[in-house]
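Structure first, commentary second.
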Amino acid sequence: MHGEVEIHGAGFRADVAGGWQPSALISRAGGAARPLYFVTVVSPTLITAQPQAETPPGTYDLTVTNPEGCAAILPAGLVVR
């Protein structure tokens, strides 16, 4: 099982009125995107999330999408051990 990860950046926000949190996906060449679970906005510069337990070790591109659809991709942004 993989533990909680911290994702540092800028402009993270939740839609408090609508109850929406950002989404976070990890992917690598030749593989399907995998969602991160329990994505929570801690502050505008920090979110926490948890990889799926069955996620194989490796380096993944990280995509974070705010509730309004604005997304950012960090190539090789998450290493699962």
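Step by step: first the residues of segment 60-72, then only those that are at negative phi, at pLDDT below 95 and open to solvent by 30 Å² or more (accessible area, probe 1.4 Å), then the one that is nearest to the chain's Cα centre (by Cα). Which residue is that?
The selected residue is THR65.
Could you please tell me which pairs satisfy a Cβ distance under 9 Å, a separation of 6+ or placement on different chains, a first residue in segment 1-30 that is within 12 Å of ALA71 (Cα to Cα) and in a strand (DSSP E or B), and a second residue that is among the charged types (D, E, K, R) and open to solvent by 30 Å² or more (accessible area, probe 1.4 Å)?
Cβ pairs passing all conditions: LEU25/ARG34; LEU25/ASP61.
Return the pairs, sorted by first residue and then second, in which the second residue is of a type in the set (Gly, Ala, Ser) and assigned to a strand (DSSP E or B), the first residue lies in segment 65-77 and is within 22 Å of GLY18 (Cα to Cα), the beta carbons are less than 7 Å apart, and the residues are 6+ apart or on different chains.
If the second residue must be of a type in the set (Gly, Ala, Ser) and assigned to a strand (DSSP E or B), the pairs left are THR65/SER23; THR65/ALA71.
Inspect segment 44-56 for any residue being part of a strand (DSSP E or B), loosely packed, with under 14 Cβ neighbours inside 10 Å and over 13 Å from the mean Cα position of the chain (by Cα) and give the result as yes or no.
Checking segment 44-56: not a single residue is part of a strand (DSSP E or B), loosely packed, with under 14 Cβ neighbours inside 10 Å and over 13 Å from the mean Cα position of the chain (by Cα).
All but one of (1) over 12 Å from the mean Cα position of the chain (by Cα); (2) at pLDDT 95 or above hold for VAL16; which doesn't?
All conditions are met except number (2).
Within segment 5-34, how many residues turn out to be closer than 16 Å to GLY77 by Cβ and open to solvent by 50 Å² or more (accessible area, probe 1.4 Å)?
The initial filter retains those residues of segment 5-34 that are closer than 16 Å to GLY77 by Cβ, namely 5-12, 22-29, 31, 33-34.
Retained after the next criterion (residues that are open to solvent by 50 Å² or more (accessible area, probe 1.4 Å)): 6, 8, 10, 23, 25, 28-29, 33-34.
Within segment 5-34, residues that are closer than 16 Å to GLY77 by Cβ and open to solvent by 50 Å² or more (accessible area, probe 1.4 Å) number 9.
The values are calculated or read from the model by the stated rules, or taken from the named source; none is laboratory data. As the structure is a computational prediction, the values presented were derived from the model and not from experiment. Cβ coordinates were reconstructed from backbone atoms using ideal geometry, including for glycine residues, and neighbour counts include every protein chain displayed. Only protein heavy atoms, including side chains, enter the accessible area calculation; ligands, DNA and RNA are left aside. Shrake-Rupley method; radii C 1.70, N 1.55, O 1.52, S 1.80 Å.
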